[in-house]
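Each remark here refers to the structure printed beneath this line.
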Amino acid sequence: MPPAAEDLDPKRYGHKRAVRLVNWRVEHDPTSLWLQDRLKAVRPGVDRDGNPFDYRDEPVLDPADEARMIDDAVYREDADGRPHYGRIMRALASWYPNEAERFDMARRIAENRCDALRRNVIGDPTRCYSARLVGYALTRPVRMEAILARPPYNLSAHRMRVGKRYMDRIGAYAREHGGRLPDKRQRDRIWDENMGDFIHEKIARGVQYGRGMYYSDGSNARPEYHGRPPRLDADGKPFNAREDFERMLAAGRAELDRTPGEFDDVVNRMDAHDAFASGGADAHAAWTEARRRGLDVRLIEDALGVDASDAAAWEAEYQALSSGAR
């Protein structure tokens with residue numbers, strides 16, 4: 001007999017009562033995550049707006065198809081050997097210049113998203129672990145920027161752009177040097193060149209470029225502060241802005257690694273139902289909503305049998321409306 005949900009530690013097993021029990025069961029029997037009868041919807045449900053839905057006819061995703069979808073989201077090779085970098089892998093490109101590290105993180109994110117989704121579905125008899133729901137989970141955005149913008153990092157939008165461009169240059173260096181990353185001295189030089197280019201581009205365009213912009217020697221990057229004493233760190237040494245950014249990035253990566261199922265709250269709010277509701281849904285409306293949300297519209301096209309010519313016409317219409325709204 002499983003214990004009562006109230007007796008389980010929320011920090012260990014989760015704060016939602018149903019999920020807490022699921023996590024306890026999975027801990028004691030990991031195979032329960034793969035039981036087809038647990039992953040299938042067994043009764044209809046009602047969304048948060050009071051609209052009924054029924055996924056009982058939805059088939060459970062086959063494990064082999066799940067593996068293929070994970071490869072599509074991360075990395076696979078075409079029949080002719082050409083590499084295909086998936087959505088998750090591409091989203092990490094700036095923050096992980098080492099391709100092996102980027103692949104490992106992308107793989108963990110994809111696999112843990114599926115694991116978290118299985119646990120949510122097992123805890124809700126109205127849900128089905130279907131190809132459409134898994135496709136939705138794997139196309140959710142990866143937001144390293146969102147992590148770095150939150151406490152304790154509080155990285156401003158301007159510093160975020162500088163940091164992202166710096167990491168892009170580190171990636172370019174690695175590609176030019178057989179995958180080898182630059183040493184500290186070289187990274188200082190790349191940081192300073194990148195910071196100077198960023199500031200002068202902003203000046204040339206006549207736009208703001210924020211505060212807190214420093215070079216690796218602690219000097220302020222804003223031209224009006226040229227010649228002033230450098231900023232000092234807690235030890236009284238010149239503040240190295242490159243090292244400070246890399247420390248925050250390393251901490252942000254560790255946080256991303258700890259919480260790879262960052263889409264979990266979204267899934268719990270049933271946004272997947274909003275995007276993929278099928279019973280009597282208008283295919284064009286469903287496609288447009290998925291496109292607006294930045295989801296993979298191919299899943300909608302496959303699920304609703306949308307003809308390629310219709311999809312092309314809808315894309316042209318969407319682009320025209322988007323251009324007119326700007």
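Each value in this text was obtained by applying a stated rule to the coordinates, not by laboratory testing. Just so we're clear, the structure is a prediction, and the values are computed from it rather than from any experiment. When we count neighbours, we look across all protein chains shown, and the Cβ atoms used for this are built from the backbone with ideal geometry, even at glycine.
Residues of the stretch 128-166 with an amide N closer than 13 Å to a point placed 7 Å from the Cα of Arg293 along the Cα-to-Cβ direction: 132-141. Taken over the stretch 146-256, the ratio of Cα radius of gyration to 2.2 N^0.38 Å equals 1.08.
For the stretch 94-134, backbone nitrogen atoms closer than 20 Å to the point 7 Å from Asp37 Cα along Cα-to-C-beta are found at 118-130.
The label point for Arg108 and the one for Ala64, both projected 7 Å from the Cα toward the Cβ, are 3.1 nm apart.
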